[in-house]
Amino acid sequence: MTPLRLALALVRAAARFVPRWQRGEWQREWSAELHHHALDAREPGALVHRSTGAVADAVYLRSQALQLDLLVRDVALAGRNAFRRPGFTLLVVLTLALGIGVNSAVFALLDSVLLRPLPYRDPSRIVFVWQTLPSKNVMELEATPYDLEAWHGLRGVSQLAMVKPDTYTLTGDDNPERVRGSRVTASLMPLLGIAPRIGRAFTPAEDLDGTAPVAILSDRLWRRRFGADERALGRTMQIDGQSRTIVGVMPRGATLPGPLAEDTDLWLPARMSPAERTNEDSHNYRFLARLAPGATLEQASAEVEAFAARMATERPSHRSIGARLVPIGEQTVRAIRPSLLLIAGSVGLLLLVASANTSTLLLARASNRRHELAVRTALGATRGRLLSLAVAESLVFACLGGLAGLFLGGWALRAVLPLFAGSLPADIPIDIDARVAAFTAAISAVLGLLFGVVVALHRPEGGLVDVLKASGRTISGSSGRARGALVIAQVALAVVLLSAAGLMLNSVVKLSRVRPGFDADHVLTFKVALTGSNYDAAPSRVALASGLLARLGAIPGVRHAAISTVVPFGGGRNANSFTIEGRPRKPGELQIADQRHVSPNYFQTMNIPLVSGRRFQDTDDSRAEAVVIINRSLAKQYWPAEDPINRRVRVGLEPNAWLRIIGIVEDVRHVSLTRDAVTEMYRPIAQTAAPLFTLAIRTEGDPAALTPAARAAVQAIDPNLPIYDVRTMEDRIAGSFAQTRSTMLLLLVTAALAAVLSGVAIYGSIWYSVNQRIPEIGVRLALGASRAAVFGDVLRRAVSLTAIGALIGVAGTLAGGRLIAGLLFDTRATDPATLAAVVAATMGLAVVAGIVPARRAMTVDPIIALRNE
Amino acid sequence: MRMTLATTLVMQAIGAGHCHGFDIVDVTGFPTGTVYPALRRLERDGYVRSRWEAERTANREGRPARRYYELTATGVRALDGALHTLRQLDAASRLRPGTAE
């Protein structure tokens with residue numbers, strides 16, 4: 001290619017930048033020059049070099065067309081103005097950064113948790129299939145293996161998979177550990193659209209027993225136990241004492257749908273025995289399904305409900321059991337969504353407060369610069385030019401605010417994440433990423449444009465002469481009114497936020513005062529996993545229980561030690577149906593009670609009062625008569641008018657295993673402080689030999705301090721017994737409403753920031769108006785007005801602005817109360833005491849913010865004020 | 001319009017009869033990327049105007065017609081003003097601090 005042709009090609013390429021209407025002439029000019037120059041070119045390279053200028057020329061023409069140069073000039077001017085008054089700039093930027101920063105942080109949270117699709121193929125088509133017990137208000141009952149077979153005929157779903165979540169003990173090396181895992185059918189991974197990153201998935205044959213025991217590891221477990229070594233495939237691992245071959249490793253972040261933060265570390269094949277496959281009573285299996293192509297959720301739901309209704313009439317085991325479908329997206333985020341949305345709403349309001357605050361500041365500055373604007377107008381600046389200048393200025397502020405907000409947001413996010421650690425997925429990275437940055441940039445840009453328009457619309461009225469003649473003190477009425485309205489808006493928003501925070505605070509206080517039915521202080525709890533085949537036989541488990549209790553009871557500082565299969569707030573309920581002797585079940589009635597198997601001194605250890613009858617004794621063992629203690633709720637529900645002591649009940653389908661009721665104990669809140677006690681049965685662990693051990697120790701001093709001693713005591717009996725989930729009882733209870741408390745904390749911080757911003761706004765607005773009115777105040781004082789009257793006048797303005805804002809805020813809270821009602825406990829969204837306290841605090845804020853300007857007004861010297869006029 | 005050194009020199013070159021783009025580049029020593037945008041600005045603000053040379057002249061020399069630039073009356077006045085300022089600056093630069101008695 002000759003230099004001429006190369007240069008012409010460059011010009012042709014550059015021509016794309018030239019506005020269309022100039023392009024033809026432009027290209028003609030450049031090619032003529034190049035042709036002419038080529039005729040007498042001394043250096044051919046120079047021709048190409050010259051043609052590069054065409055790019056600059058073309059870009060210049062394009063930017064001129066966009067009036068970019070004007071905008072660039074405006075932005076440069078705005079930048080210079082911003083740096084000329086660093087104090088003002090800092091104030092505006094900090095206010096904006098605050099509003100934008102918390103929104104960026106919360107957006108990062110929302111984006112990762114609520115907005116991104118779940119990591120499955122076409123996740124909106126995947127549903128959970130739950131059974132229900134409408135009569136007991138249980139809407140999510142796990143199903144039985146029998147239902148896997150039964151539901152296969154449904155036409156509304158194309159794939160069905162079963163999951164049995166559990167915990168497993170890994171042994172075989174020096175650190176036995178307890179991990180979450182699930183037994184799954186081979187259909188699960190194809191249904192979800194996930195697959196191992198290395199190795200293989202399960203085969204349908206592995207749904208049945210008789211196949212070799214295998215396991216698939218999570219990426220995390222693989223890294224932790226094998227250092228991400230691909231040779232782990234084919235190796236064996238001791239899982240619950242059974243040797244299993246590792247056949248695959250899941251990709252990072254691959255997890256089961258369901259409540260977040262319950263990540264699974266082990267994937268095991270179902271390997272069901274014929275007996276398990278036909279079990280229709282054990283409601284411990286979760287089901288997932290994919291909607292059939294073309295089927296809607298409503299159609300499939302209707303089919304499932306109709307099918308369940310038919311089953312309820314056909315199978316005694318399924319009497320009064322319904323079924324429903326819940327999309328996995330809803331299931332996954334349901335627990336945390338209300339909190340997140342509330343927080344998002346509250347930081348949105350904070351951004352509004354910050355924006356109103358910034359507008360106030362910018363308006364105040366604009367009226368200080370009326371001279372400058374008037375001069376510009378007189379010199380021929382058009383309305384458009386002034387708007388462009390105003391927008392450029394506010395864009396500079398908004399960009400600086402957005403940038404600072406992004407840093408602030410990163411910091412805020414790191415502070416917030418630990419608060420929700422219990423309810424957020426561990427594997428999803430939550431950070432300030434490109435999406436969050438784009439979001440931040442977008443709100444900054446919108447705010448910048450908005451502020452510019454607001455300021456430009458409040459341009460001073462009247463011509464140059466009017467403005468220059470004015471002493472610079474009187475303000476145009478519209479700008480003063482706008483400032484007043486902005487202050488009122490900020491106060492109203494702050495009152496809404498403060499009310500929401502107050503209501504949440506009220507709930508948390510009430511929650512922490514709920515009596516759970518036992519004494520939670522000075523109790524340490526931990527679980528012990530029975531591993532290996534040492535404890536397969538019932539007597540060995542009973543012996544282990546008494547050995548553990550003896551060792552633990554001997555630790556200095558321990559008052560009582562007890563065992564229960566499940567302790568309150570320890571997760572799991574273990575509900576089972578029961579029958580009362582001599583009282584056949586009515587058709588459609590399902591009698592259910594939570595089952596706990598405890599050592600004799602459990603009630604003393606937990607301080608659960610005995611209502612009547614007797615507690616368990618050491619003699620209630622496998623040789624003695626089978627006995628049971630029930631709680632007050634169960635007694636009230638089934639023997640409302642009689643004494644249940646000495647009556648007999650049977651649990652589940654065990655034939656002839658009648659249990660004699662020997663006592664009634666007080667109700668205990670087991671799952672959460674917000675839920676009333678359920679019906680419960682306690683049985684002596686010496687008679688049931690249950691393989692689940694949770695130990696509870698009542699101590700004299702700090703319970704957490706005894707953890708090492710308790711660990712040592714367990715290891716002394718069997719060094720292979722892992723102890724896990726070690727927590728004090730108070731910790732467990734606090735954890736049960738951690739999310740409510742975290743939400744409350746964030747709301748409180750947001751509301752406090754909003755209150756501070758509105759306090760500053762009240763102060764700034766009153767100070768400004770006092771400054772404007774100094775001559776008037778001077779005249780009043782000269783005419784004999786008392787200083788107290790002037791002081792009162794100024795303060796009255798602060799209080800009246802605030803009162804209007806507070807009224808609007810209270811009205812807003814009353815109107816929007818139901819949005820928060822679901823997160824409250826024992827507190828009405830219209831709680832008058834909370835609202836009154838918020839209003840009182842806000843009025844106090846107004847007085848504090850008004851005092852300094854009021855004092856300034858009081859101390860005006862009439863002579864100086866009038867001389868300046 | 002702001003008179004920079006580049007715009008002043010471009011105008012001076014045109015005033016001196018160098019009226020085609022590349023000729024101005026040769027005379028002023030500025031690259032095309034500076035000269036052309038300066039020309040666009042000058043033309044937009046009415047300091048120079050451009051015309052196309054007659055096709056016949058160009059054809060006779062076996063090349064396409066070129067665009068040529070000339071100063072407007074405003075341009076001439078602006079150039080005079082700018083040169084005046086430059087001369088004053090030049091004079092000022094000859095003053096040395098401390099030489100005045």
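The values are calculated or read from the model by the stated rules, or taken from the named source; none is laboratory data. Just so it is clear, the structure is predicted and the values come from calculations on it, not from any experiment. Cβ sites come from the backbone with ideal geometry, for glycine too, and all protein chains shown count toward neighbours. We work out accessible area using only protein heavy atoms, side chains counted, and drop any ligands, DNA or RNA first. Shrake-Rupley method; radii C 1.70, N 1.55, O 1.52, S 1.80 Å.
Go through region A:623-641 and give me each residue that's without any contact (Cβ under 8 Å) to a residue 60 or more places away in the chain, farther than 17 Å from A:Asp594 by Cβ and open to solvent by 10 Å² or more (accessible area, probe 1.4 Å).
Taking region A:623-641 first, the residues without any contact (Cβ under 8 Å) to a residue 60 or more places away in the chain are A:623, A:625, A:628-641.
Retained after the next criterion (residues that are farther than 17 Å from A:Asp594 by Cβ): A:623, A:625, A:639-641.
Result: A:Arg623, A:Glu625, A:Pro640, A:Ala641.
Of (1) surrounded by fewer than 16 Cβ atoms within 10 Å (Cβ to Cβ); (2) at pLDDT below 90, A:Pro775 satisfies all except one. Which?
It fails just one condition, (1).
Residues A:Leu379, A:Leu389: which one is of a type in the set (A, V, I, L, M, F, W, C) and free of Cβ contacts under 8 Å to residues at least 12 places away in the same chain?
A:Leu379
Let's see how each residue does on (1) open to solvent by 60 Å² or more (accessible area, probe 1.4 Å); (2) not in a loop (DSSP other than H, G, I, E, B):
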| position | (1), (2) |
| --- | --- |
| A:Ala195 | no, no |
| A:Ala212 | yes, no |
| A:Ile216 | no, yes |
| A:Arg220 | yes, yes |
| A:Arg223 | yes, yes |
| A:Gln238 | yes, yes |
| A:Ser243 | no, yes |
| A:Ile246 | no, yes |
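Being of a type in the set (Lys, Arg) and not in a loop (DSSP other than H, G, I, E, B) is the filter; apply it to region A:116-163 and report the residue that is modelled with the highest pLDDT.
Taking region A:116-163 and keeping what is of a type in the set (Lys, Arg), we get A:116, A:121, A:125, A:136, A:155.
With not in a loop (DSSP other than H, G, I, E, B) added as a condition, the list becomes A:125, A:136.
Working: A:Arg125: 93, A:Lys136: 65.
Here the answer is A:Arg125.
Examine region A:375-396 for a residue that is under 26 Å from the mean Cα position of the chain (by Cα) and crowded, with 22+ Cβ neighbours inside 10 Å, and state whether such a residue exists. If you could, list the steps in order and put the result at the bottom.
First pass over region A:375-396, keeping only residues under 26 Å from the mean Cα position of the chain (by Cα): none.
No, every residue in region A:375-396 fails to be under 26 Å from the mean Cα position of the chain (by Cα) and crowded, with 22+ Cβ neighbours inside 10 Å.
If you check A:Asp166, A:Asp229, which single one turns out to be surrounded by fewer than 20 Cβ atoms within 10 Å (Cβ to Cβ), among the acidic types (Asp, Glu) and free of Cβ contacts under 8 Å to residues at least 12 places away in the same chain? Walk me through how you get there before you give the answer.
Working: A:Asp166 fails: free of Cβ contacts under 8 Å to residues at least 12 places away in the same chain.
Checking each option against the conditions leaves just A:Asp229.
Just give me the residues in region A:485-541 being open to solvent by less than 30 Å² (accessible area, probe 1.4 Å) and of a type in the set (S, T, N, Q), in sequence order.
Of everything in region A:485-541, those that are open to solvent by less than 30 Å² (accessible area, probe 1.4 Å) and of a type in the set (S, T, N, Q) turn out to be A:Gln490, A:Ser499, A:Ser507, A:Thr525, A:Thr531.
The rows are residues; the columns are (1) open to solvent by less than 40 Å² (accessible area, probe 1.4 Å); (2) within 14 Å of chain B (Cβ to nearest Cβ); (3) among the hydrophobic types (A, V, I, L, M, F, W, C); (4) within 26 Å of B:Val35 (Cα to Cα).
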position: A:Ala46; (1), (2), (3), (4): yes, yes, yes, yes
position: A:Ser63; (1), (2), (3), (4): yes, yes, no, yes
position: A:Asp74; (1), (2), (3), (4): yes, no, no, yes
position: A:Thr89; (1), (2), (3), (4): yes, no, no, no
position: A:Leu109; (1), (2), (3), (4): yes, no, yes, no
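Restricted to region B:66-83, and to residues that are under 21 Å from A:Trp26 (Cβ atoms) and in contact with a Ser or Thr (Cβ under 6 Å, 6 or more places away or on another chain), which residue is farthest from the other protein chains (Cβ to nearest Cβ)?
Here the residue is B:Tyr69.
Taking region B:53-68, which residues are closer than 12 Å to A:His35 by Cβ and touching a strand residue (DSSP E or B) at 6+ places or on another chain (Cβ under 8 Å)? Quick ask: steps written out before the conclusion?
Taking region B:53-68 first, the residues closer than 12 Å to A:His35 by Cβ are B:58, B:61-66.
Within region B:53-68, B:Ala65, B:Arg66 qualify.
If you go through region A:670-679 one residue at a time, do you hit one that is of a type in the set (A, V, I, L, M) and not in a loop (DSSP other than H, G, I, E, B)?
Step one: of region A:670-679, the residues of a type in the set (A, V, I, L, M) are A:671, A:673, A:677-678.
Add one more test, that the residue is not in a loop (DSSP other than H, G, I, E, B), and what stays is none.
Checked region A:670-679: no residue is of a type in the set (A, V, I, L, M) and not in a loop (DSSP other than H, G, I, E, B).
Among the residues in region A:669-687, are any among the acidic types (Asp, Glu) and closer than 30 Å to A:Lys510 by Cβ? Step through it out loud before you land on a result.
Of the residues in region A:669-687, the ones among the acidic types (Asp, Glu) are A:676, A:680.
Adding the requirement that they be closer than 30 Å to A:Lys510 by Cβ leaves A:676, A:680.
Yes, the conditions are met somewhere in region A:669-687.
Quick one: in region A:13-28, which of the residues that are in contact with a helix residue (DSSP H, G or I) (Cβ under 7 Å, 6 or more places away or on another chain) and not aromatic (Phe, Trp, Tyr) is surrounded by the fewest Cβ atoms within 10 Å (Cβ to Cβ)?
As a first pass, look at region A:13-28 and keep what is in contact with a helix residue (DSSP H, G or I) (Cβ under 7 Å, 6 or more places away or on another chain): A:14-15, A:17-19, A:22-23, A:26-27.
Within this subset, residues satisfying the condition of being not aromatic (Phe, Trp, Tyr) are A:14-15, A:18-19, A:22-23, A:27.
Working: A:Ala14: 22, A:Ala15: 18, A:Val18: 23, A:Pro19: 13, A:Gln22: 17, A:Arg23: 15, A:Gln27: 18.
Applying the filter and picking the extreme gives A:Pro19.
Scan region A:608-622 for residues that are open to solvent by 50 Å² or more (accessible area, probe 1.4 Å) and in contact with a helix residue (DSSP H, G or I) (Cβ under 7 Å, 6 or more places away or on another chain) and report the count.
So the count comes out to 4.
For the list (1) over 29 Å from A:Trp767 (Cβ atoms); (2) modelled with pLDDT under 80, I need the number of the one condition that A:Ala442 fails.
The number of the failed condition is (2).
State all residues of region B:13-32 that are open to solvent by 30 Å² or more (accessible area, probe 1.4 Å), among the hydrophobic types (A, V, I, L, M, F, W, C) and within 13 Å of chain A (Cβ to nearest Cβ); if no residue qualifies, say none.
B:Cys19, B:Phe30 - these are the residues of region B:13-32 that are open to solvent by 30 Å² or more (accessible area, probe 1.4 Å), among the hydrophobic types (A, V, I, L, M, F, W, C) and within 13 Å of chain A (Cβ to nearest Cβ).
Out of B:Arg2, B:Arg44, B:Arg63, I need the residue that is facing chain A (nearest Cβ under 8 Å), at pLDDT below 90 and under 21 Å from A:Ala65 (Cα atoms). Which one?
Details: B:Arg2 fails: facing chain A (nearest Cβ under 8 Å); B:Arg63 fails: under 21 Å from A:Ala65 (Cα atoms).
Only one candidate passes the filter, namely B:Arg44.
Listed residues B:Val35, B:Val10; which is within 11 Å of chain A (Cβ to nearest Cβ) and open to solvent by less than 30 Å² (accessible area, probe 1.4 Å)?
Details: B:Val10 fails: within 11 Å of chain A (Cβ to nearest Cβ).
Sole residue among the options that is within 11 Å of chain A (Cβ to nearest Cβ) and open to solvent by less than 30 Å² (accessible area, probe 1.4 Å): B:Val35.
Among all residue pairs at least 6 apart or on different chains, which show Cβ distances below 7 Å where the first residue, located in region A:5-32, is away from every other protein chain (no Cβ under 12 Å) and within 16 Å of B:Tyr36 (Cβ to Cβ) and the second is open to solvent by 60 Å² or more (accessible area, probe 1.4 Å) and not in a helix (DSSP H, G or I)?
none
Which condition from (1) out of contact with any Leu (no Cβ under 6 Å at 6 or more places or on another chain); (2) open to solvent by less than 80 Å² (accessible area, probe 1.4 Å); (3) within 14 Å of another protein chain (Cβ to nearest Cβ) is the one that A:Ala38 breaks?
It is condition (1) that A:Ala38 fails.
Specify which of the listed residues (A:Thr2, A:Thr52) is within 10 Å of chain B (Cβ to nearest Cβ) and of a type in the set (Val, Ile, Thr).
On the way: A:Thr2 fails: within 10 Å of chain B (Cβ to nearest Cβ).
Answer to the selection: A:Thr52.
Among the residues in region A:655-666, are any over 38 Å from the mean Cα position of the chain (by Cα), without any contact (Cβ under 8 Å) to a residue 24 or more places away in the chain and farther than 30 Å from A:Ala554 by Cβ?
yes
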